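Read the figures in this text as sums done on the coordinates, not as results from a lab. What you see is a predicted model, and the numbers here were worked out from it, not measured in a lab. Positions of Cβ are backbone-derived with ideal geometry, glycine not excepted, and every protein chain shown enters the neighbour counts.
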Amino acid sequence: MSIARIKGFADMFPPDSDQFTRIENTARQVFGRYGFVELRTPLLEFTELFCRSIGEETDVVQKEMYTFPDRKGRSLTLRPEATAGVMRAYIESGLTNREPVSRLFTTGPMFRYERPQKGRMRQFHQINCECLGSHSPMADAELVSMLLRFLSDLGLTDLTLKINSLGCSECRPKFKAALLEYLAGVDKDALCPDCARRVETNPLRVLDCKQPGCRAITDNAPKLIDYNCPECRAHFDTVLELLQGQGLSFELDHRLVRGLDYYCRTTFEVVSGSIGAQAAVAGGGRYDGLVKSLGGPDVPGVGFACGMERLALMMGEGSGQAADFYLVAMDAQSRAQGWQLAQKLRDAGLTGEMNFSEGGFKSLMRQAGKSGAGHCLIIGPDEAAQGTVVVKNLESGEQCSVPQSGVLQFLQTGTNND
Ligand code: HAM
């Protein structure tokens, strides 16, 4: 019996893998322009790192982590997100002493034990950016506008930027108290079971529950920004002004509290109108106390992550890069010449493959057609004897005989001077 892949984990063939390559290449180009450098962190970390950063009471830590003991009984977890590992690496490497502002991006697989559905996987991939070392609202605005530039360079449209401010450790407790007072006055039985529990453990998350019953209850709940202290409010207003100054539009979303505990002040998400229920393609925010809470210095930070599967869904099928040639060689002598010719064409930067197997002319031509290449190069006994190739345009069906020495020029320019 063959072995199947694990539910929620995907193999990725072209065109999906081509799309991922395009997403990563675009990310490197765009983020590089803003001074971001790439950091690669391990997939496995000590479980405590995630409990302390993401928060014990979050859904991610409570229900979604792949956690197991290693052979010495230490608790390890497959990273459910990148930020915690980036913070650990930032502290451990001493980067904090070497540069005032660090801009780090990282990309790769993350693991969350969620119910798989369209746009939601148990192994999924993020592109993650963190800007460490600045309290300035310019850092928040630069990051958001960089994210939008990246999404637009991918050709994505139908996106909404949602933004909110969670306040700080001074003003958020006042909001929390007001929210709890409000929730004390509502009919608890009308809340979903998760929210009934969240009222006790993580009341802010009642605000972003998608259940219609919970939404109706929280429609008139207090709003975070009304409780922002003057410093938080001024910070948020400047972020919004900077975004407006760049002509970027956004929606203030009073329900946007995010699912991870480390956030303060600015939080944001980018939501797509075209990929169904799992609509958040990116999310992030400021996390000023996180580095300190993990044992590092008191360094502020702001960051975001994009879900690559969701970006790929928005990009649609797309076409991969077509090969330039498929070389069909009919017998041993043709194959020897074809082998040399294919190598010469690749050395010159063209892409293509040749048949390894012997076979009937028709079946080899079918393989050439299926390859999606632009041209089929045919060498049979006659061509091998004359040092020529039949070049067939697989789109138009036109064909002509070209000396082997002129094939490169013919494919590059469409002309044959020999
Ligand atoms: P997050 O909102 O949990 O934030 O995830 C960011 C993005 O990852 C989501 O908007 C979504 O596109 C994608 N995503 C999350 N879970 C799944 C899943 N199961 N399947 C497919 N895609 C998924 C974070 O992870 C924060 N660490 C972001 C951040 C960086 N904040 C500051 N710095």
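Judged by the mean number of other Cβ atoms found within 10 Å, the most tightly packed of the peptides 300-308, 391-399 leads the ranking 300-308, 391-399. The trypsin sites (Lys or Arg not before Pro) of the stretch 9-78 that meet both conditions, a loop assignment by DSSP and at most 16 other Cβ atoms within 10 Å of the site Cβ, are R40, R71, K72, R74. Scattering from the chain was approximated by placing one identical point on each alpha carbon and applying the Debye formula without solvent; log10 I(q)/I(0) at 0.07, 0.11 1/Å stands at -0.48, -0.88. Farthest towards the positive end of the charge dipole of the chain, among the residues A82, Q399, H235, is the Cα of A82, using unit charges on the Cβ of Lys, Arg, Asp and Glu. Put a dot 7 Å past the Cα of S396, heading toward its Cβ, do the same for T238, and the two dots end up 6.2 nm apart. Let me know the shape class of the stretch 319-418, please: from the alpha-carbon gyration tensor, a ≥ b ≥ c as square roots of the eigenvalues, rounded when a/c is under 1.5, otherwise prolate if a/b is greater than b/c, or oblate. Here the stretch 319-418 falls in the rounded category.
Annotation for R71 and S2: the two label points, set 7 Å from Cα along the Cα-Cβ direction, are 3.2 nm apart.
Between the helical axis of 172-184 and the longest alpha-carbon principal axis of the chain there is an angle of about 80 degrees.
Express in whole angstrom the spacing between the alpha-carbon centres of the stretch 356-418 and the stretch 282-350. Taking the Cα centre of the stretch 282-350 as reference, the centre of the stretch 356-418 is 30 Å away. With R₀ fixed at 45 Å, the C-beta to C-beta distance from K210 to S363 puts the FRET efficiency at about 0.25.
Projected onto the charge dipole of the chain (+1 at Lys/Arg Cβ, -1 at Asp/Glu Cβ, origin at the Cα centre), which of C51, G167, L341 gives the Cα projection farthest towards the positive end? Farthest along the dipole direction, towards plus: C51. Take the Cα of E99, go 7 Å toward its beta carbon, and the backbone nitrogen atoms of the stretch 38-81 under 16 Å from that spot belong to 38-41. Considering only beta bridges that DSSP places wholly inside the stretch 280-383, some 40 percent are antiparallel. For Q321 and Q386, the FRET efficiency from 1/(1 + (r/R0)^6), where r spans their Cβ atoms and R0 equals 35 Å, is about 0.60. Label point of R115 set 7 angstrom out along Cα-Cβ; within the stretch 293-336, no amide nitrogen lies under 13 Å from it.
In percent, rounded to a whole number, the relative contact order of the chain is 16, using alpha-carbon pairs under 8 Å and six or more apart. Does the stretch 293-340 come out rounded, prolate or oblate, given a ≥ b ≥ c as the square roots of the eigenvalues of its C-alpha gyration tensor, rounded meaning a/c under 1.5 and, failing that, prolate meaning a/b above b/c? Since a/c reaches 1.5 and a/b is larger than b/c, the shape of the stretch 293-340 is classed as prolate. Of the DSSP beta bridges with both residues in the chain, give the percent that are antiparallel, rounding to the nearest 5. Antiparallel: roughly 80 percent of the beta bridges in the chain.
Take the Cβ atoms of A190 and E170, set R0 to 35 Å, and the FRET efficiency comes out at 0.60. Take every Cα pair under 8 Å whose residues are at least 6 apart in sequence, average their separation, divide by the length of the stretch 206-350, and the relative contact order is 13 percent. Sites listed here are trypsin sites (Lys or Arg not before Pro) in the stretch 101-203 whose DSSP assignment is loop and whose Cβ has at most 13 other Cβ atoms within 10 Å: K118.
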